[in-house]
Amino acid sequence: MNRLLDRFCRYARVFTQADEAAKGYPSSPGQLDLGRMLAAELRDLGARDVEHDAHGIVWATLPATVPHAAPAIAWIAHVDTSPETSGKNVRPVVHADYDGRDIVLPGDPSRVLRVADNPDLAALKGKTIVTTDGTTLLGADDKAGVAVIMEAARELLRRPEWPHGPIRVCFTCDEEIGHGVDHVDLGKLGAVVGYTLDGGGAGEIDGETFSADLATVTVRGVNIHPSIGKGRMVNAVRLAGLFLNRMPRVCQSPETTEGREGFLHPYRVEGGVAEVTLRVLLRDFDTPKLAERAELLRAVARTITAEFPGAAVDVRVTPQYRNMADGLKKEPRALALAERAMRQAGLQPKLTIVRGGTDGSRLTEMGLPTPNLSTGEHNPHSPLEWTCLEEMETAVRVLLELARVWGEER
Ligand SMILES: [Zn+2]
């Protein structure tokens, strides 16, 4: 079997689904299992400074092979998978020499990967496609990235003649629940730029992401036995419904926006008559616009509080991450050398924007410019997730070229 494919499938089978409800870090024990496995494999490959730290993060160094002091760069991927779809008992299905037709997933034939919905598939006829069996996600987000980094590390460690500066490898936990870099110490990482391997398809460089805030809306009512509720009960469930109804729906929503448009996205409701909590995502490429969206939520809160005596609606906004484009300006080589590496790997690089965030958005904000590179992901967070072996192989080549072009720098 192809070594990269085997590697990917091995990692995909480990149950590393992030758990938003968990208190500890990482949020699920499987992430530690995969981390241990990766640390052991890195040691076997001959990497230096291999460490699986107390937070479950894996660190390693691929020592420089050039004689001059080339800048250190970091390759980063996350071991966890999204809680949106189960990641338990992942059974990757390999479709060698893909015939270009719709793919019926064997574990749940009601799920079909249709070429019409996946234009990228049409171009990959004859390639090796990996899907789920239809009952779980695949976890190519981001085990494709993990496998690509591990394979590139192996190549560099067994080819001392390949010129490159120091490379730091870092595998993080809990990216999918917004905690990917909580315990990443940039001093310890010691790199001038980072690259996350967590992008879709092949040949893309994400240099811009959303800026993101989370609004927690608490609707407090007055709970009293329904039999004596007349004139006294203030039902927070109804008011929460009203709140949602008054939020923009035909615009400023994920369902109605694309490209550079931002949105407000209510994604969770919890509670009862006395109190309901709504969680709303605020997203925009233009960071100051987040404040305008938050103000819109506060305006809705004020109307409800004014109309229903006894009710209290509170909107609390916490920052999540910021558009990486601003932070990338301070190190123009971060994007320029990624583009050069892709050309040297035979690709026509495409600069793209992400309607979301990555570990890189937060790392960039913290001071480490970190664009995101393609690693063969498709349909993340879904049972229809798939990847392509040849795209992963391309990503390995890009990393080798990236190592070389940074090795020419001072
Ligand atoms: Zn990811």
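Before moving on, here are some points about what is shown:
- Within the range 279-295, the set of residues being buried (at least 17 other Cβ atoms within 10 Å of the Cβ) and either among the basic types (Lys, Arg) or over 23 Å from the mean Cα position of the chain (by Cα) (or both) comprises 283, 293, 294.
- Boolean, residue 261 is of a type outside the set (Phe, Trp, Tyr), assigned to a loop (DSSP other than H, G, I, E, B) and within 27 Å of the chain's Cα centre (by Cα): yes
- The set of residues from the range 268-286 being within 30 Å of residue 232 (Cα to Cα) and not in a loop (DSSP other than H, G, I, E, B) comprises 268, 269, 270, 271, 275, 276, 277, 278, 279, 280.
- Counting only strands (runs of 3 or more DSSP E) that sit wholly inside the range 47-117, those with at least 2 residues that are free of Cβ contacts under 8 Å to residues at least 40 places away in the same chain are 48-52.
- Note on the range 19-36: residues that are in contact with a Cys (Cβ under 8 Å, 6 or more places away or on another chain) and either crowded, with 19+ Cβ neighbours inside 10 Å or of a type in the set (Asp, Glu) (or both) amount to 4.
- Residue 92 being buried (at least 19 other Cβ atoms within 10 Å of the Cβ), closer than 14 Å to residue 378 by Cβ and more than 16 Å from the ligand (Cβ to nearest atom): yes
- Residues (of a type outside the set (D, E, K, R) and within 13 Å of the ligand (Cβ to nearest atom)) located in the range 133-146: 137, 138, 139, 140, 144, 145, 146
- Note on the range 307-340: residues that are closer than 30 Å to residue 224 by Cβ and not in a helix (DSSP H, G or I) total 9.
- Residue list for the range 156-188, filter: at pLDDT 95 or above, within 20 Å of the chain's Cα centre (by Cα) and of a type in the set (A, V, I, L, M): 169, 184, 186
- Those residues of the range 381-394 which are under 15 Å from residue 148 (Cβ atoms) and either surrounded by fewer than 24 Cβ atoms within 10 Å (Cβ to Cβ) or within 12 Å of the ligand (Cβ to nearest atom) (or both), in sequence order: 389, 390, 393, 394
- Residue, surrounded by the fewest Cβ atoms within 10 Å (Cβ to Cβ), within the range 147-174, restricted to residues that are assigned to a loop (DSSP other than H, G, I, E, B) and within 16 Å of the ligand (Cβ to nearest atom): 174
- Positions within the range 342-365 being buried (at least 17 other Cβ atoms within 10 Å of the Cβ) and more than 16 Å from the ligand (Cβ to nearest atom), in sequence order: 342, 345, 347, 349, 365
- One residue from 133, 120 being modelled with pLDDT under 95, surrounded by fewer than 20 Cβ atoms within 10 Å (Cβ to Cβ), under 25 Å from the mean Cα position of the chain (by Cα) and charged (D, E, K, R): 120
- Subset of the range 341-364 [in a helix (DSSP H, G or I), charged (D, E, K, R) and out of contact with any helix residue (DSSP H, G or I) (no Cβ under 6 Å at 6 or more places or on another chain)]: 343, 362
- Residue in the range 311-329 that is under 23 Å from residue 168 (Cβ atoms), more than 15 Å from the ligand (Cβ to nearest atom), β-branched (Val, Ile, Thr) and buried (at least 24 other Cβ atoms within 10 Å of the Cβ) present: no
- Of the residues making up the range 175-229, those that are within 16 Å of the ligand (Cβ to nearest atom) and assigned to a strand (DSSP E or B) number 12.
The values are calculated or read from the model by the stated rules, or taken from the named source; none is laboratory data. Just so it is clear, the model here is predicted, and its values are computed rather than measured. Note that each Cβ is placed from the backbone with ideal geometry, even for glycine, and that neighbours are counted across all protein chains shown.
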